[in-house]
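Q: Quick one: the structure is below, questions incoming.
Every number here is computed from the coordinates shown, using simple stated rules; none is lab data. Treat the numbers as computed from the prediction; the structure is a model and nothing was measured. Cβ coordinates were reconstructed from backbone atoms using ideal geometry, including for glycine residues, and neighbour counts include every protein chain displayed.
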Amino acid sequence: MGSFAIVFLALFNGSAQEEFVAPLPREIPTRPLPVTPDPKPTIEGIVAEVFRDRQPWQLVNPLAPKRFGDGRKTTSWDPENPGKPKGFIVFALDF
């Protein structure tokens, strides 16, 4: 058994004394990533319309001109029945 240990040390002793030299780091060419602006959230709903319009009372006027809209933007719709309104959107953040 003692001779096996001597042979083992003789075989692997030479390789253990060699120094490991790491390869030099090479420069990897990179290209800049395209810069995309972050999408800004939009504020929707009745509250936003009141602050956006110069004549907010036209939102409740049934005889208001068509340029003030028909209320579809501030109305939530039933997903199962798209023709049926479900309620009003008072305040919403759209990302």
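Q: Over the Cα atoms of region 37-94, compute the convex hull volume and normalise it per residue, giving Å³. Write down the numbers at each step before the final one.
A: Working: hull volume 6.9 nm³, N = 58.
Spelled out: Cα convex hull of region 37-94, divided by residues, is 118 Å³.
Q: In addition: Could you order peptides 54-60, 72-78 by the average number of other Cβ atoms within 10 Å of their residues, highest first? Walk me through the intermediate numbers first.
A: Numbers: 54-60: 11.0, 72-78: 12.7.
Ranking the peptides 54-60, 72-78 by packing returns 72-78, 54-60.
Q: Also, quick follow-up: Exposure proxy check: E44, E80 ranked by fewest other beta carbons within 10 Å?
A: Ranked by crowding around the Cβ, least crowded first: E80, E44.
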